[in-house]
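The values are calculated or read from the model by the stated rules, or taken from the named source; none is laboratory data. Keep in mind that what you see is a predicted model, and the values were worked out from it rather than measured. Cβ coordinates were reconstructed from backbone atoms using ideal geometry, including for glycine residues, and neighbour counts include every protein chain displayed. Calculation scope for accessible area: heavy atoms of the full protein, side chains included, ligands and nucleic acids excluded. Shrake-Rupley method; radii C 1.70, N 1.55, O 1.52, S 1.80 Å.
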Amino acid sequence: VQSSAILRYLSNIAGLHPQNDHLTAARIDALMDQETDAFMGATIATYAARNGISLETEDAKAKTLELLSKDVLPRHLNHLERLLKESSTGWLAGTEEPSPPDFQWYCRLALYLPENSDRFAIKLEEYPGCEALVKKFQSLDFMKEYAAEK
C-alpha cells in the first residue's frame with residue numbers, strides 16, 4: 001500500500017500520471033491496483049507471520065504455495081498477458097513512455113518472482129507478454145545506466 005502511494009506521488013511530480021487525460025489516469029490507477037491484487041496472497045505468504053497468518057505446518061505452507069503457483073498467480077499473469085496484447089505501445093496503459101504500473105509490474109516480474117522462485121513455481125518464459133515487458137523496461141536508457149553502475 002505504501003509503495004503504491006509513494007509511486008503515485010512521485011509519478012505526479014514527474015508528470016507520469018496524466019492530469020488532463022482522466023481515462024488514462026484511471027487506467028493507470030487500475031493497473032497499479034491490479035498488481036496489488038495479483039500479488040496480495042504471495043506477499044502475505046512471503047511475510048505470513050508479520051501479517052498474522054500462520055503457515056507453521058509444512059502442509060499448510062505447501063498447500064498455500066501450490067494454490068498461489070498453480071492458480072492465483074497464473075490467473076493474474078494470464079490477464080496481464082491479455083492487457084499487453086491489447087497495448088499498441090507495449091506499455092500496460094498504452095502510453096508512449098512507461099507509466100507507474102510498468103514500474104510496479106517490472107519489480108514483481110523481474111525481481112520478486114525470481115527472488116522467490118523457491119516459493120512460487122512461476123516461469124516467466126511461459127508468459128511472453130510479461131517477459132517482453134521486462135525486456136522493454138530493461139532496454140530503457142536509465143535502466144541500462146543503472147545496470148552498468150551495479
Exercise for the section: Among the residues of segment 104-121, write down those that are open to solvent by 60 Å² or more (accessible area, probe 1.4 Å) and either farther than 15 Å from Thr43 by Cα or among the polar types (S, T, N, Q) (or both). Expected result: Ser117
Completion exercise
Considering residues that are of a type in the set (Ser, Thr, Tyr) and buried (at least 17 other Cβ atoms within 10 Å of the Cβ), the number found within segment 1-47 is 2
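Go through segment 14-31 and give me each residue that's assigned to a helix (DSSP H, G or I) and at pLDDT 90 or above. Working first, answer last.
Taking segment 14-31 first, the residues assigned to a helix (DSSP H, G or I) are 14, 22-31.
Residues satisfying the conditions are His22, Leu23, Thr24, Ala25, Ala26, Arg27, Ile28, Asp29, Ala30, Leu31.
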Practice task
With respect to Asp71, determine if the residue is acidic (Asp, Glu) and open to solvent by less than 80 Å² (accessible area, probe 1.4 Å).
Solution key: yes
Problem - Residue pairs meeting the criteria (Cβ under 8 Å; at least 6 apart or on separate chains; first within 22 Å of Pro101 (Cα to Cα) and touching a residue at least 12 places away in the same chain (Cβ under 8 Å), in segment 35-56; second surrounded by 10 or more Cβ atoms within 10 Å (Cβ to Cβ) and among the aromatic types (Phe, Trp, Tyr)) - result: Glu35/Trp105; Phe39/Tyr112; Ala42/Tyr112; Ala42/Phe120
Practice task
Within segment 32-61, count every residue that is more than 30 Å from His17 (Cα to Cα), in a helix (DSSP H, G or I) and of a type in the set (A, V, I, L, M, F, W, C).
Solution key: 3
Completion exercise
Trp105 meets each of (1) without any contact (Cβ under 8 Å) to a residue 60 or more places away in the chain; (2) assigned to a helix (DSSP H, G or I); (3) under 28 Å from Tyr9 (Cα atoms) with one exception, condition (1)
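Pick from Thr64, Thr46, Thr36, Thr57: which is farther than 25 Å from Pro114 by Cβ and hydroxyl-bearing (Ser, Thr, Tyr)? Spell out the reasoning first.
Details: Thr64 fails: farther than 25 Å from Pro114 by Cβ; Thr46 fails: farther than 25 Å from Pro114 by Cβ; Thr36 fails: farther than 25 Å from Pro114 by Cβ.
None of the others qualify; the one that does is Thr57.
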Fill in the blank from the handout: Output for Cβ contacts, cut-off 6 Å, separation at least six or different chains, first residue surrounded by fewer than 11 Cβ atoms within 10 Å (Cβ to Cβ) and of a type in the set (A, V, I, L, M) in segment 122-150, second part of a helix (DSSP H, G or I) and at pLDDT below 95, reads none
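Considering each of Leu67, Leu10 in turn, give the residue that is closer than 26 Å to Ile122 by Cβ and either of a type in the set (A, V, I, L, M) or not in a helix (DSSP H, G or I) (or both). Spell out the reasoning first.
Numbers: Leu10 fails: closer than 26 Å to Ile122 by Cβ.
None of the others qualify; the one that does is Leu67.
I'm trying to understand the selection: among the residues of segment 70-102, which are outside any helix (DSSP H, G or I) and on the phi < 0 side of the Ramachandran plot?
We begin by selecting, within segment 70-102, every residue outside any helix (DSSP H, G or I); these are 87-99.
Passing the criteria: Ser87, Ser88, Thr89, Trp91, Leu92, Ala93, Thr95, Glu96, Glu97, Pro98, Ser99.
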Completion exercise
Selection from segment 126-149 of residues modelled with pLDDT of 95 or more and not hydrophobic (A, V, I, L, M, F, W, C) yields Glu126, Tyr127, Pro128, Gly129, Glu131, Lys135, Lys136, Gln138, Ser139
